[in-house]
Amino acid sequence: GGQPAASGRAAVENVDPAAAAEASRARMGGGPLTDDRRDAIYCFRYLLVFTAALESFAHGSNDTANATAAFSATYSAWSGGLGACEQKLTPAWIMGLGGAFVLLGIYCLGYRVIETVGRKIAIVDFHTAWCIEFASTATVVIATLMELPVSSTHCQIGAVFCVGLASMGCREVSWKQLCLIVASWAATLPFAGLLAAVILLVFRPTVCQSCPWN
């Protein structure tokens with residue numbers, strides 16, 4: 001008899017990150033945390049609020065711009081013509097529309113990514129989570145200032161993996177999950193390109209009969 005084993009998702013949700021992180025340190029020979037060190041770790045939960053707000057700013061400055069760039073260029077060509085050479089600023093309503101759909105995606109399916117980044121790669125506590133958030137945010141902000149399009153999710157995956165290696169060791173990091181994530185990144189490039197080509201072929205005859213490529 002006995003109770004049936006919990007499902008993978010239920011088991012993950014029942015994990016106390018602080019206790020699991022302490023157990024991982026103990027397996028590495030670090031021993032249990034002292035009360036002072038445990039209190040110091042829990043102090044970072046307040047700092048996480050500010051880094052999360054900064055992460056939202058970084059996400060909007062880069063990821064949202066990546067999503068709205070193609071739409072903005074298409075709208076500019078439609079309103080000014082294909083021969084227009086001047087570079088126009090992205091209208092505020094396009095940025096607002098992009099932000100609204102980002103919010104919708106997070107609300108509907110974002111929990112899957114949050115669960116993967118926060119629990120399935122490495123176990124994090126308040127201290128390591130702050131390191132991950134601050135490092136990924138700084139990376140995205142610096143890339144934005146350099147006008148480089150990057151993904152905040154990619155930055156966070158790298159931060160989670162490296163912080164997990166540094167704090168817990170290679171045995172406490174899910175290499176299988178990391179390989180699946182990297183493979184999904186590689187697969188999205190040809191898939192998105194192929195899907196875009198199919199959509200273009202479907203709608204091309206009805207969009208513009210006088211386009212230069214016709």
Fill in: Taking segment 74-198 and dividing mean pair separation by its residue count, relative contact order in percent (alpha carbons under 8 Å, at least six apart)
23 percent
Fill in: Distance in nm between pseudo-label sites at residue 170 and residue 100 (7 Å out along the Cβ direction from Cα)
5.0 nm
Worksheet, complete the sentence: Ranked output for segments 61-73, 37-49 by mean other Cβ atoms within 10 Å, highest leading, reads 61-73, 37-49
Worksheet, complete the sentence: With all protein chains present, segment 98-200 has a carbon and sulfur share of its accessible area (1.4 Å probe) in percent of 77 percent
Worksheet entry | Label-point separation in nm, residue 90 to residue 70, each point 7 Å along Cα→Cβ | 1.4 nm
Worksheet item: Going by accessible area, probe 1.4 Å, with all protein chains left in place, what is the ranking of 89, 200, 178, largest first?
Response: 89, 200, 178
Practice prompt. Label segment 136-191 by shape, choosing from rounded, prolate and oblate, from the square roots a ≥ b ≥ c of the eigenvalues of the Cα gyration tensor; if a/c is under 1.5 it is rounded, and otherwise prolate applies when a/b is larger than b/c, oblate when it is not.
Written response: oblate
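The values are calculated or read from the model by the stated rules, or taken from the named source; none is laboratory data. Because the structure is a prediction, the values reported are computed rather than measured. In this analysis, Cβ positions are derived from the backbone assuming ideal geometry, glycine residues included, and neighbour counts consider all displayed protein chains. Ligands, DNA and RNA are stripped out before the accessible areas are found, and what is left, the full protein with its side chains, is counted by its heavy atoms. Shrake-Rupley method; radii C 1.70, N 1.55, O 1.52, S 1.80 Å.
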